[in-house]
Protein chains: 2
Amino acid sequence: MDRELLLLGLLRRQEMHGYQLHEFINQNLASCVNLKKSTAYFLLDRMAEAGWMVETESQEGNRPPRRVYQLTPAGEAAFQRLLRANLAAHEPARFAGDIGLAFLDALPPAEARDCLLRRRAQLAADLEAAARIPEHAGSMQWVIDHLRHHLASELEWLDRVIAQITTSIESHDHEEEES
Amino acid sequence: MDRELLLLGLLRRQEMHGYQLHEFINQNLASCVNLKKSTAYFLLDRMAEAGWMVETESQEGNRPPRRVYQLTPAGEAAFQRLLRANLAAHEPARFAGDIGLAFLDALPPAEARDCLLRRRAQLAADLEAAARIPEHAGSMQWVIDHLRHHLASELEWLDRVIAQITTSIESHDHEEEES
DNA sequence: TCCTGACTAGTCAATATTGACTAATCAAAA
DNA sequence: TTTTGATTAGTCAATATTGACTAGTCAGGA
């Protein structure tokens, strides 16, 4: 449903062909959705079927022909409906990374810490990358702000986890010393 | 991949049947994964196929027969490998709710604010629910802590968004007054 | 000029995921 | 007591998603 909203929203600003849509999304909106090319075409075809948009073949030079999609009034109506639904609902995020944490005690603490430090490095890199994203026009900027806020919050939390594990390693070391 | 890790990790503590696994996950680990019953059975069958676990039919009383799964050494090895991979990688979360925000300017500000206030209510309710989750044993507690931290951070951010929209509505009102 | 590797644009068979269903058991109300 | 609704346990056909592929274009170097 949300992916449809995204495609509709982009086509609403200007008509585009499939490849272009997929490209734009993966470049600018990777933090919201992970949309593969084949999925994009599937959704576009289905929405065209539903009368939300019309396809037009377009040959530019002698490049391969491209299917250009443009919104119909029914598509605009669907956009309005989906937009309100999306904004009004809180879709909780799923953290696949928490699955590992749930079984953290299956690993010797020192090794757990090593793994998490590698995770931290990636997270920190992502945060820096997010800090370097240039300003975007209009409300697209909210998405970037959110990404930054979220990554910063994640880093803060991960550091707390690592600190606690480090403490537990140290106290364990002391016990070793004393025995 | 992560879902496999989850099933392996649970079966590692004690053998369980499919329904029980699905039940436990949806009760306690809904913040990490959204695993439907049919998906759970599909994954369990596949992992049994791969030799990571063995199925045993078990009839208790005259209840319907249940398939109980228990880990093999190959399953334990897979668990160790997947656990390290999961812990060492930062899997960025996707926020489907950001798609709506990207098109926020398609709505009159007052209406956008109404929608977001409804989103806020849900988020606040989720946060309160998370605050009431009882303590869990061992490292499962990290998952709950993470959920609480994340929801609090989200609420903080959403409040900032709403505040800014409210400001823009007010300044717009003033312009109306002056004209 | 001809080759190579990257980009453009899209297809399709294989996989993964889900919703809707069956079918039995149990508790408790009518 | 028999009917209703909740719970347990799992199946399967329909949908959704993906990875691997085709096939043309273009730019630049040998």
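The values are calculated or read from the model by the stated rules, or taken from the named source; none is laboratory data. This structure is a prediction, so every number in the text was calculated from the model and none was measured. We place every Cβ from the backbone using ideal geometry, glycine too, and count neighbours over all the protein chains shown. Heads up: the accessible areas ignore ligands, DNA and RNA and are worked out on the full protein's heavy atoms, side chains in. Shrake-Rupley method; radii C 1.70, N 1.55, O 1.52, S 1.80 Å.
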Subject >> Rg in Å to one decimal, and Dmax rounded to a whole Å, for segment A:97-178 via C-alpha atoms >> reply: 17.0, 62
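Per-residue counts of other Cβ atoms within 10 Å, averaged by peptide: what ranking do you get for B:95-106, A:88-99, A:36-47, highest first? Intermediate values should be presented prior to the final figure.
On the way: B:95-106: 22.2, A:88-99: 19.9, A:36-47: 15.2.
For the peptides B:95-106, A:88-99, A:36-47, the packing ranking is B:95-106, A:88-99, A:36-47.
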Subject >> Estimated D of segment B:2-88 in µm² per second, where Rh is the Kirkwood radius over Cα pairs and Stokes-Einstein applies at 25 °C, 0.890 mPa s >> reply: 186 µm²/s
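Taking a probe of 1.4 Å, how large is the accessible area per residue of the protein assembly as shown, in Å²?
Values: 18720 Å² over 358 residues.
Using a 1.4 Å probe on heavy atoms only, each residue of the protein assembly as shown averages 52 Å².
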Original post:
Does anyone have the angle between helix A:73-88 and the longest principal axis of chain A? Alpha-carbon axes, 0 to 90°, nearest 10?
Top reply: 20 degrees
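Quick one: pull the percent of accessible area on segment A:69-179 belonging to carbon and sulfur, 1.4 Å probe, ligands and nucleic acids left out. Intermediate results must be reported in sequence, preceding the final value.
Details: 2980 of 5460 Å².
Result for segment A:69-179: 55 percent of the exposed heavy-atom area is carbon or sulfur.
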Original post:
Going by accessible area, probe 1.4 Å, with all protein chains left in place, what is the ranking of B:VAL54, B:VAL143, largest first?
Top reply: B:VAL54, B:VAL143
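Below 13 angstrom from the Cβ of A:GLU128, what's the summed charge of the other residues (Lys, Arg +1; Asp, Glu -1)?
Working: positive: A:ARG120, A:ARG132, A:ARG148; negative: A:ASP126.
Once positives and negatives cancel, what remains is +2.
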Subject >> Probe 1.4 Å - accessible area at A:HIS150, Å² to nearest ten >> reply: 10 Å²
Subject >> Overall Cα dimensions of chain A - principal axes, largest extent first, Å >> reply: 78, 40, 31
Original post:
Taking Cα atoms, how many degrees apart are the long axis of helix B:2-13 and the longest axis of chain B, rounded to 10 and kept between 0 and 90?
Top reply: 50 degrees
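So, with +1 on the Cβ of K and R and -1 on the Cβ of D and E, and no other charges, what is the size of the charge dipole of segment B:1-85 about its Cα centre, to the nearest 20 debye? Before the final figure, lay out the partial values.
Numbers: 11 positive and 10 negative charges, 43 e Å.
Dipole magnitude for segment B:1-85 comes out near 200 debye.
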Subject >> Cα-based helix-to-principal-axis angle, B:37-49 vs chain B, degrees rounded to 10 >> reply: 40 degrees
Subject >> Dipole magnitude of segment B:97-178, debye to nearest 20 (Cβ charges: Lys/Arg +1, Asp/Glu -1, about Cα centre) >> reply: 640 debye
Subject >> Taking only Cα atoms of the protein assembly as shown, radius of gyration then Dmax in Å >> reply: 24.1, 82
Original post:
Between B and A, buried accessible area summed over both sides at probe 1.4 Å, in Å² to the nearest 100?
Top reply: 6200 Å²
Original post:
Hey, rough spin-label estimate for B:SER58 and A:PHE24, points 7 angstrom out along Cα→Cβ, what's it come to in nanometres?
Top reply: 5.5 nm
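Applying 1/(1 + (r/R0)^6) with R0 = 56 Å to the Cβ-Cβ distance of A:ASP114 and A:LYS36, what FRET efficiency is obtained, to the nearest 0.05?
My answer for the efficiency is 0.95.
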Original post:
In segment A:76-92, which residues become less accessible by 40 Å² or more once every protein chain is in place, relative to the chain on its own, using a 1.4 Å probe?
Top reply: A:LEU83, A:ARG84, A:ASN86, A:LEU87, A:ALA88, A:HIS90
Original post:
Out of residues 5 or more away from B:HIS17 or on other chains, whose amide H comes under 5 Å of its own, with H placed 1.01 Å from N in the peptide plane?
Top reply: B:TYR69
Original post:
Under the rule of -39500 (n - 2.57) per DSSP H run of 4 or more residues, summed and divided by the residues of chain B, what mean residue ellipticity at 222 nm is obtained, to the nearest 500 deg cm²/dmol?
Top reply: -22500 deg cm²/dmol
Subject >> Centroid-to-centroid separation of segment A:39-82 and segment B:121-159 [C-alpha atoms, Å] >> reply: 40 Å
